[in-house]
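Notes follow the structure.
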Amino acid sequence: MDAKSGLFAGSLNSNELVVIQEHNEPKTVKNLDGQVCEICGDSVGRTVDGDLFVACEECGFPVCRPCYEYERREGTQVCPQCHTRYKRIKGSPRVEGDEDEEDIDDIEYEFKMEEERYKLKHEESMRSRDDNENTKYGELPLSSHTGGANFDNKEKTDDWKLQQGNLLIETDAVDPEKAMKDETRQPLSRKVAIPSGRLSPYRMMVVTRLILLILFFEYRIFHPVPEAIGLWFISVSCEIWLALSWMVDQIPKWFPIDRETYLDRLSVRFEPENKPNMLSPIDIFVTTADPIKEPPLVTANTILSILALDYPAHKISCYVSDDGASMLTFEALQETAEFAQKWVPFCKQFSVEPRAPEKYFSEKVDFLKDKIQTTYVKERRTMKREYEEFKVRINALVAKSMRIPAEGWSMKDETPWPGNNTKDHPSMIQIILGHYGGDNKDNELPSLVYISREKRPAFQHHTKAGAMNALLRVSAVLSNAPFVLNLDCNHYVNNSKVVREAMCFFMDIQLGNSIAFVQFPLRFDSLDRNDRYANKNTILFDINLRCLDGIQGPVYIGSGCIFRRKALNGFDPPKAAKRSQIVQVHSKQDENGEDESIIEAADEDKQLLQSDMNTEDKFGKSTLFMNSSLTEEGGVDPSSTQEALLKEAIHVMSCSYEDRTLWGYEVGMSYGSIAADTLTSLKMHTRGWRSIYCMPKRAAFRGTAPINLTERLNQVLRWAVGSLEILFSRHCPLWYGFKEGRLKVLQRIAYINSTVYPFSALPLTIYCIIPAICLLTDKFITPSVGTFASLVFISLFISIFASAILELRWSGVSLEEWWRNQQFWVIGSVSAHLFAIVQSLMGGFLSRLNAHFSIVSKTPDVDGEFNQLYTIRWTVLLIPPTTVTIINLIGIVAGFTDAINSGEHEWGILIGKLFFSSWVIAHLYPFLKGLMGRQNRTPTLIVIWSVLLASIFSLVWVRIDPFVMKTKGPDVKQCGISC
């Protein structure tokens, strides 16, 4: 086992980091009171209404009114810090470009632009004439009170205009240090508000829909149906629950935002030329458990995309956790490391995207676009051949693994593989790559470490959450980077700059210290064109999480997330008062000096960490790990030998290490629920941390999703069970952290919605059956309605579609994606969510019903065009939606039969009843299509459908009874023909 240098992630010099950042921190609006203008040095002043004058509503950069008006009139009309266009403030003259701003009602300034220009021109001409007269008589210009002030202000504004590039002054050269200082003052990211023209109509329609709902329920409650009182009561109860569910879902959607990052500013600030790179190190975790469901080639592509990240290689450490203790995974990882020595230099030399070779070589795009190196074509052909040979070697390993020897697997040196018994084996760790894994320094590679934590039958291992906590401890001992990225083995890096995107938030001096994690959306490959089972989850990624970002931040979704290690270690965020002190002093410090308040704040934080450390009771019996927890900027003790570090790594991933500690409760990933990701983010937000949702133009991560109906339903079942486990635990968001926590109200409502949503399956399932019952019993849930009630009903239906369309308009989600999401919401509710409720209420009695953590197959579809899409594996989850479908089909047939027998006056009522049944079947259509499978591929289903069709036909036959004529009058058999 090679344990030479290359494991260390490289600690940062915290003093240098603070010095660079301290000149950059922008002031928030809350701290502007008493500030001076950053341009001329005068007081910021007040508005015409007596409030504090704020020129920029986005970042609150302190600028006085004269400088603000001068910049709008003569300059670029944008804020010098965030580059947002200045809006007109009440009391200020209009300028060109203000025609579309109608929120200022001071009409007296409406047409004063020309007047102001005339005054300024007149003052300039008078000043010029006075100066000429004084010069003519050999005198210097007199500096009266007014003239001196004007001259000083002009000098200050000229200096500022020179900095902004609006004033051309003859000069020999531009001071590069001054330009660098201006660049480092700029923020690394900014919020981008959704245009009001798109968001405001959506909000208005939501309010309109709420008013119509109130009118709708006023009619439904006070107008019962006497002949079907039971049916009416059940339907009204279901409607109330679904309406409340919609309201809880809509409340957190009120403040959606977007974000924008500035990667060039990050490079200027933390990657100066001829100086050490000061970007923060990062540890990357890849988890895998089953090489059959998670093929080694898929895992290899994920690791190759990580090793080729556009980030300093010596700042990256990749840890692969093999919870299956598979020798196949271990050998495939060694082959991957060997191929990486060729693949990574190729990616960095030609800046290719994406950097997962399987995806890169399979993309049908113009790969010569933007390529200028003449050797690119030749190198690409060579690399493609190398990758094909690499795939053959991986396939050979897979074929070899299918024939398990009777005595178990052995390694190349004939040593028995320690993980032959996957449920009872010791800890394993192998450093496969050091930081200098390439042929020379130019081919420098990140470190790559294989680990498999200890497994013993007597211990509980907590599935993926336990594996993540083991990775957290091992990485803290070996590299201890301040940030960690979590990826599933089937989610490769699609954007090589993704770590830089996250660092634009983490390394911001004003807001970075309060950020626990940055979550990225997940995009998926290998989906069918129509996305039959809504695997893209666009409603979640493009709407819900963006809305949460405007409150306290998105939830953790299990992958594609970069954490602050301090937050995972169970510490609270820094207090806001400390950050405010740093803000107050940054603009007046000497560039080469060190801010004493920053040093004091750092010392206080360290003391806080030490006081919060409850030694072994919290973190376990590892001195190295506890010392690493006190090092906020990462790095390990240089006095520790590498053999000692590896020995400690074996110790901290033993299965008994977490006994009698707070791991899984206050430290690391949370235990107690299958949905450990949601529970972990809930605890972080309750402590006061916030999170960020980052959506780069190029998707950060892409992966595979289950396109098989059975596996998709099992996945939804697992999510629902995990949510209900949180709801019925002491971490229920209804009361968790209510007294001492810092969870915001809207964020709490979002968490409540994320845990109670499975209960909507009960009213929704009943409501899907009610239309069929109405058709079979010839009853209806509403009495005959009048004109006003008809208008309310029609308006409500219109508002439902209008609010959905307006939501799609501001979010960018397509109508087809929204409809697929609605369809699978119904399918999942009447199947997986229904069983999740039963499992949660009955507990261990139904534990065999897939309540445990199950691995979803990540095998790519290579056998045919979406072959798995048509593969049906029968499960009890398919029974409820099938039953609902059959009942509605029977109801439709019975309704037609009854209308035929009753006469023309029944057709009008029938159309209303058929509409609701048809609406149910339209939502279940993807399920029916998946259930039928391909023709001649599933004989069992043919038998099932034959039985169903025979049953429906028999019911219709009995209902119509064609051999007996339906007439009104006396019975023919009783009275005779001559009656």
Taking θ as phi - 60°, what are the ³J(HN,Hα) couplings along region 411-424 by the Karplus curve (6.51, -1.76, 1.60), each to the nearest whole Hz, with x for Gly and Pro? 7, 4, 8, 6, 6, x, 5, x, x, 4, 9, 5, 9, 8
How much of the accessible area of region 359-438, in percent, comes from carbon and sulfur atoms when a 1.4 Å probe is used? 53 percent
Please work out the Kirkwood hydrodynamic radius for region 209-265, using every pair of different C-alpha atoms, and report it in angstroms with one decimal place. 14.4 Å
Heavy-atom accessible area of Leu776, protein chains in place, probe 1.4 angstrom, given in Å² to nearest 10, is 80 Å²
Loop-located GluC sites (Glu not before Pro) in region 372-441 whose Cβ has at most 14 other Cβ within 10 Å (DSSP): Glu407, Glu414
Contour excess over end-to-end distance, with Cα ends at Ile766 and Leu734 and 0.36 nm allotted per residue: 8.9 nm
Taking amide H positions as placed 1.01 Å from N in the peptide plane, with prolines and chain starts having none, which residues 5 or more places from Lys455, or on another chain, fall under 5 Å of its amide H? His425
Whole-number accessible area per residue in Å² for region 730-833, which is evaluated in the context of all protein chains at 1.4 Å: 47 Å²
Can you give the FRET efficiency to the nearest 0.05 for Lys369 and Lys697, using r as the Cβ-Cβ distance and R₀ = 22 Å? 0.85
Order of exposure, largest accessible area first, which applies to Trp417, Trp409 with probe 1.4 Å: Trp409, Trp417
Fully extended, how many nm does the chain gain between Ser267 and Tyr376 (0.36 nm per residue separation, minus their Cα-Cα distance)? 36.6 nm
Using the Kirkwood radius over Cα pairs of region 673-717, the Stokes-Einstein translational diffusion coefficient at 10 °C and 1.306 mPa s, in µm²/s and rounded to a whole number, is 116 µm²/s
Note down the accessible area of Leu242, probe 1.4 Å, to the nearest 10 Å². 40 Å²
Per the Debye formula with a single identical scatterer at each Cα and no solvent contribution, what log10 I(q)/I(0) holds for region 175-295 at q = 0.18, 0.23 Å⁻¹? -1.01, -1.28
What's log10 of I(q)/I(0) for region 691-817 at q = 0.22 Å⁻¹, Debye sum over Cα points only, no solvent? -1.29
Phe788/Asp51 FRET efficiency (R0 60 Å; Cβ-Cβ; nearest 0.05): 0.80
Thr704's amide H: which non-local residues (gap 5+, or another chain) put their own amide H closer than 5 Å, with H modeled 1.01 Å from N in plane and none for Pro or chain starts? Asp525
Taking the Cα-to-Cβ direction at Asn421 and at Ser640 and moving 7 Å from each Cα, how far apart do the two end points lie in nm? 3.1 nm
Please sort by residue number the trypsin sites (Lys or Arg not before Pro) in region 707-755 whose DSSP state is loop and whose Cβ has at most 13 other Cβ atoms within 10 Å. Arg730, Lys739
Please give me, ordered by residue number, the GluC sites (Glu not before Pro) of region 277-370 that lie in loop per DSSP and have at most 13 other Cβ atoms within 10 Å. Glu363
With a 1.4 Å probe and all protein chains in place, put Val920, Val636 in order of accessible area, largest first. Val636, Val920
For an R0 of 22 angstrom, estimate the FRET efficiency from the Cβ-Cβ distance between Lys90 and Ser200 and round to the nearest 0.05. 0.55
In units of 2.2 N^0.38 Å, what is the alpha-carbon radius of gyration of region 231-349? 1.78
Estimated distance in nm for a label pair at Ile911 and Val392, the labels positioned 7 Å out from Cα along Cα-to-Cβ: 6.9 nm
Could you sort Phe738, Phe255, Phe61, Phe506 by their accessible area in this structure, using a 1.4 Å probe and putting the largest first? Phe738, Phe255, Phe61, Phe506
Pairwise Cα inverse-distance average, inverted: Kirkwood Rh of region 335-414 (Å): 14.8 Å
At 1.4 Å probe size, with every protein chain present, just tell me what the per residue accessible area of region 226-353 comes to in Å². 34 Å²
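The values are calculated or read from the model by the stated rules, or taken from the named source; none is laboratory data. Computed from a prediction, not measured in an experiment: that's the story for all the values here. Using ideal geometry, Cβ is built from the backbone for each residue, glycine included, and neighbour counts are taken over all protein chains shown. Heads up: the accessible areas ignore ligands, DNA and RNA and are worked out on the full protein's heavy atoms, side chains in. Shrake-Rupley method; radii C 1.70, N 1.55, O 1.52, S 1.80 Å.
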